[in-house]
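S.K.: Okay, handing you the structure first.
What follows draws every value from the coordinates through simple rules; no lab data is involved. Please read all numbers here as calculations on a predicted model, not as lab measurements. Positions of Cβ are backbone-derived with ideal geometry, glycine not excepted, and every protein chain shown enters the neighbour counts.
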Amino acid sequence: MSKKSFRQAINEALRQEMRRDPRVVLMGEDVAGGCLAPGEDDAWGGPLGVTKGLLAEFGRERILDTPITESAFIGAAAGAAATGLRPVAELMFVDFMGVCFDQIFNQAAKFRYMFGGKATTPLTIRTMYGGGFRAASQHSQCLYPIFTHIPGLKVVIPSSPYEAKGLLIQSIRDDDPVIFFEHKAMYDLEEEVPDEPYTIPFGEANLTREGDDVTIVAIGRMVSFANQVADALEGEGISCTVIDPRTTSPLDRDTILESVAETGRLVVVDEAHPRCNMATDISALVAQEAFDSLRAPIRMVTAPHAPVPFSAALEDLYLPSPAKIEVAVRAVMAHKAKELA
Amino acid sequence: MAAITPITMPKFGLAMTEGKVASWAIPEGTRIAQGDELADIETTKITNAYESPVAGVLRRHVAAEQVDLPVGALIAVVADEAVLDTEIDAFVARFQAEFAEKQSAAVVEAAPEPQKVAAGGWTIRYLAMGDPGSDPGGPVVLIHGFGGDLNSWLFTQPVLAERHRAIALDLPGHGGSSKNVGSGDLETLAQALVDFLAALEIPKAHLVGHSLGGAIALYVALHHPAHVASLTLIAPAGFGGEIDGAFIDGFIAANRRKPMQEVLEKLFANPALVSRDMIEDVLKFKRLDGAVPALAAIAAANFGGGRQAQLPRDRLGEIAVPAQVIWGAEDRIIPAGHARGLPPNVPVYVLPGAGHMPHMEKAAEVNRLIAALLPG
């Protein structure tokens, strides 16, 4: 046990799984870096240094730098997974999914179904998402709702270094294609992470706070924001449950519904654009399955329906924040339910 | 000027950075003896009665109930009646100013960190506290039970370490130690303990074992008597056939918070002691590669079919060193009745209001009993 950053936790998960299982290989743009130029080995270790140091231990046979052609290497990774390897492919920014859509949605996600269960596709795609990095509209999106929409894919969004290590090892050991989302503003966050390998199962939400008044469901980086709000409001006598679903596919519906049955109030926090995102999905679930428990209208805290702005001032206004979550929690607390005669 | 003693927020366990006075047990102005219960101190992990380290009059509650304070913060003042209120005011003001300065300068006393050592075929994680030179007769070694780890001794180890060297370890299969447990039987686990003592160059130790750790301690005392200076066995396994097999099976099977909470509540006379953090820590341990198979192997070897397989108790009479047995009267895992009919040289202390974890529920009494068996 020692303090590790989100970046170190992911690196350690990759390293330990590569040691454990020779079928695990890494591929992607600059996962080693240096384009094989003399003296340039491991120049990058990924665009933000997450895979740095792995080349020295595992060599070019298992750390595969690819050309800038996502369609080719994501497709190659899907094929390698179907034929016996357990590749971890890095789609540098999830915003680039457009150029390898077919390989993920029509190929990897469908193999198990189309081949009648005879094919497995133990493919993990690591990808960066999220705003706050001043990287503008083509490098800042939260596109996990699109992957969540597709049957056959598992979608994992860790909220802390501890969660990242356990969920990534689980992803690599899983026999289905997994899209693993890393928020680029979280790489330097630190917490206690065990040195040993461990797994966190999919489809089991984590309750990071437990309270009686409001259920806050938050995704990825938003979990820490929700925790801050829960801690701040506790002093005022407003007690919040914070649910981190960990995986949006599969989604732990039961934990969300049980909590709303207890609190009667729901705030969903999702950094993605507001239409057809996790906030709307979870709100619809609760509206349909727990309507009679609700004591106030559901509130969603999301980004607006607009591309992520490049202006730093505008981007700060654009993103969900603890202040916006607090406003939503106060709103559901203040709502006066109509008394039924 | 008569002595004024500050009472400060204690530190229970490695992770505690702050705590709060859940409730004061004694009003201001009461004369207290050393060891009187002052307050319930609540942390995110557990609530524990805090006893006065000194005698005197509890002159001032400095900490309000239910307010979070950092470890080391002033919570109360003890002084004789002769001390003027104005002197106490001045003392509190001075303490608070110095404490604030210390906090801002981040001069925090370095807490001891767990270490790892290669022992036999295992890597064993352990936490050593207290002065290495303080115990020529050998240190105290604390051995947790099934599913526990070195943090099980959070209320015991720091207290013993005030006067002795106290070492808590993670057994194989547990905490941060290797998850390889071989057959998982007492002989294997006892060998790991002997190898651990050898790795730390400890020729002889005072063994304190809880539950499965108690059976291991007794096994070592029987088979490697040269290594053992005394024995304190707390709710030990190996004293009778009965054990709550549903607890063992449930502990191995539970992988979510709610079922794990139900299992852990069986450990305590007061189930409210089971906190979120306690549950989360157990779940985190069980997620480690190899942890659940190790627990299953140990359970099968020692508690298969809901019965205890090995009963070293039958040879308790052969123990030549000082030994004692402590049990919680309300133990729902291993009945306290197992302590009946022991040889006369082994005193038995059955503590009311405690379940299977008397060293957590009645920490002060258990600490006193352990200390009484140690030299000095």
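S.K.: Determine one quarter of the surface area of the Cα convex hull of region A:85-208, which equals its mean projected area, and express it in nm² to one decimal.
M.R.: So the mean shadow area of the Cα hull is 8.5 nm².
S.K.: Taking GluC sites (Glu not before Pro) that fall in a DSSP loop and have at most 10 other Cβ atoms within 10 Å as cut points, what is the longest piece of chain A between them?
M.R.: The longest uninterrupted stretch comes out as A:62-235.
S.K.: Please list the non-local residues whose amide H lies under 5 Å from the amide H of B:Ile32, H modeled 1.01 Å from N, same-chain partners needing a gap of 5 or more.
M.R.: B:Gly56, B:Val57, B:Leu58
S.K.: Using the eigenvalues of the Cα gyration tensor, what equivalent ellipsoid semi-axes result for chain A when each is taken as the square root of five times the eigenvalue, whole Å, largest first? Please report the intermediate quantities before stating the final value.
M.R.: Values: eigenvalues 260, 88, 70 Å².
Three semi-axes, in Å: 36, 21, 19.
S.K.: Something else now. Dipole magnitude of region B:115-372 about its Cα centre, charges +1 at Lys/Arg Cβ and -1 at Asp/Glu Cβ only, in debye to the nearest 20?
M.R.: 240
S.K.: Give me the tail of P(r) for the protein assembly as shown as a percent: Cα-Cα pairs with distance above 34 Å.
M.R.: Of the Cα pairs, 55 percent sit more than 34 Å apart.
S.K.: I've got another one for you. With no solvent and one point on each alpha carbon, what is the Debye value of log10 I(q)/I(0) for region A:246-341 at q = 0.11 Å⁻¹?
M.R.: -0.37
S.K.: Based on Cα coordinates alone, diagonalise the gyration tensor for region A:271-320, multiply each eigenvalue by 5, take square roots, and list the semi-axes in whole Å, largest first.
M.R.: Over the Cα atoms of region A:271-320, the semi-axes work out to 28, 11, 5 Å.
S.K.: Where in chain B are the DSSP H helices whose alpha-carbon span along the long axis reaches 15 Å or more and whose Kyte-Doolittle mean is at least 1.0?
M.R.: Counting only whole DSSP H runs, the qualifying helices are B:186-199, B:212-223, B:291-303.
S.K.: Check each of the chymotrypsin sites (Phe, Trp or Tyr not before Pro) in region B:210-276 and keep only those in coil by DSSP with at most 11 other C-beta atoms within 10 angstrom; list them in order.
M.R.: none
S.K.: Okay, next question. Let me know the whole percent of all Cα-Cα pairs from region B:4-104 that are separated by more than 16 Å.
M.R.: Summing the P(r) of region B:4-104 above 16 Å gives 54 percent of all pairs.
S.K.: Restricting the count to DSSP beta bridges whose residues both fall in region A:2-193, what percent are antiparallel, rounded to a multiple of 5? Let's see the in-between values first.
M.R.: Working: 4 of 26 bridges.
Given both bridge residues lie in region A:2-193, the antiparallel proportion sits at roughly 15 percent.
S.K.: Please return the longest stretch of chain B lacking exposed loop sites, where GluC sites (Glu not before Pro) count only if DSSP places them in a loop and at most 15 other Cβ atoms lie within 10 Å.
M.R.: The reported range is B:202-376.
S.K.: Using amide H atoms built in the peptide plane, which far-off residues or other-chain residues are under 5 Å from B:Ile7 H to H?
M.R.: Under 5 Å from the amide H of B:Ile7: B:Ile75, B:Ala76, B:Val77, B:Val78.
S.K.: Taking 7 Å along the Cα-to-C-beta vector as the label spot, tell me the A:Glu210-A:Arg20 distance in nanometres, rounded to one decimal.
M.R.: Reported label-point gap for A:Glu210 and A:Arg20 is 2.9 nm.
S.K.: Take every Cα-Cα distance within region A:241-288, group them into 5 Å bins from 0 onward, and report for each bin the whole-number percent of pairs it holds.
M.R.: In order of increasing distance, the bins hold 5, 20, 35, 27, 11, 2 percent.
S.K.: Give the cross-link partners of A:Lys4 among the lysines, using a straight C-alpha distance below 25 Å as the criterion and excluding same-chain residues fewer than 8 apart.
M.R.: Of all the lysines, those that pass the test against A:Lys4 - Cα under 25 Å, at least 8 places apart if same chain - are A:Lys52, A:Lys165, A:Lys184, B:Lys11, B:Lys45, B:Lys116, B:Lys179, B:Lys284, B:Lys286.
S.K.: For A:Lys324, which aspartates and glutamates qualify as cross-link partners when the Cα separation must be under 16 Å and same-chain residues fewer than eight apart are set aside?
M.R.: A:Asp231, A:Asp270, A:Glu271, A:Glu315, A:Asp316
S.K.: Computed over the Cα atoms, what is the radius of gyration of region A:2-193 divided by 2.2 N^0.38 Å, N being its residue count?
M.R.: 0.96
S.K.: Amide H of A:Arg246: which non-local residues (sequence gap of 5 or more, or other chain) have their own amide H closer than 5 Å, using H built in the peptide plane?
M.R.: HN-HN under 5 Å from A:Arg246: A:Asn206, A:Gly220.
S.K.: When N is the residue count of chain B, what does its C-alpha Rg come to as a fraction of 2.2 N^0.38 Å?
M.R.: Compactness ratio reported: 1.02.
S.K.: How many Cβ atoms of partner chains, on average, are near each residue of B:337-348 if near means within 10 Å of its Cβ?
M.R.: Across B:337-348, the average partner-chain Cβ count within 10 Å equals 0.
S.K.: Calculate I(q)/I(0) for region B:50-154 by the Debye formula, one identical point scatterer on each C-alpha and no solvent, and give its log10 at q = 0.11, 0.14, 0.19 Å⁻¹ to two decimals.
M.R.: Treating every Cα as an identical point scatterer, log10 I(q)/I(0) equals -0.63, -0.87, -1.10.
S.K.: For helix A:278-289, report the angle its Cα long axis makes with the longest principal axis of the Cα atoms of chain A; keep it between 0 and 90° and round to the nearest 10°.
M.R.: 50
S.K.: Let me ask something else about it. Pick from B:Ile143, B:Ile334, B:Ile252: which is most flexible by mean-square fluctuation in a GNM of chain B where alpha carbon atoms under 10 Å apart are linked?
M.R.: B:Ile252
S.K.: Of A:His305, A:His273, A:His149, which is the most mobile in a GNM of chain A whose springs link Cα atoms less than 10 angstrom apart?
M.R.: Highest fluctuation of the listed residues: A:His305.
S.K.: Give me P(r) over region B:233-376, computed from all C-alpha to C-alpha distances, binned every 5 Å, as integer percentages.
M.R.: 2, 10, 17, 18, 20, 17, 11, 5, 2, 0
S.K.: If you don't mind, there's one more thing I want to ask. Pop a pseudo-label 7 angstrom from the Cα along the beta-carbon direction at both A:Val327 and B:Asp314 and give the gap in nm to one decimal.
M.R.: 7.5
S.K.: Angle, helix A:6-20 long axis vs. longest principal axis of chain A, Cα atoms, 0 to 90°, nearest 10?
M.R.: Its long axis makes an angle of about 50 degrees.
S.K.: Treating the beta-carbon of each Lys and Arg as +1 and of each Asp and Glu as -1, no other charges, what is the dipole magnitude of region B:175-308 about its Cα centre, to the nearest 20 debye?
M.R.: Here region B:175-308 has a charge dipole of around 320 debye.
S.K.: Select from A:Ile238, A:Pro304, B:Gly305 the residue farthest towards the positive end of the dipole of the protein assembly as shown; place +1 on Cβ of Lys and Arg, -1 on Cβ of Asp and Glu, and compute about the Cα centre.
M.R.: B:Gly305
S.K.: A further question follows. Among B:Phe95, A:Phe291, rank each residue by its count of other Cβ atoms within 10 Å, from fewest to most, as a rough exposure measure.
M.R.: Taking fewest neighbouring Cβ atoms as first place, the list is A:Phe291, B:Phe95.
S.K.: Between B:Ala93 and A:Asp195, what's the calculated FRET efficiency when r is the beta-carbon distance and R0 is 51 Å? Round to 0.05.
M.R.: 0.65
S.K.: In addition: Tell me, what is the percent relative contact order of chain A, built from C-alpha pairs under 8 Å that lie six or more residues apart?
M.R.: Here the relative contact order equals 15 percent.
S.K.: What value, in deg cm²/dmol to 500, does the helix sum -39500 (n - 2.57) over DSSP H runs of n ≥ 4 give at 222 nm once divided by the residues of chain B?
M.R.: Values: 10 runs with 107 residues, N = 376.
Rounded to the nearest 500, it is -8500 deg cm²/dmol.
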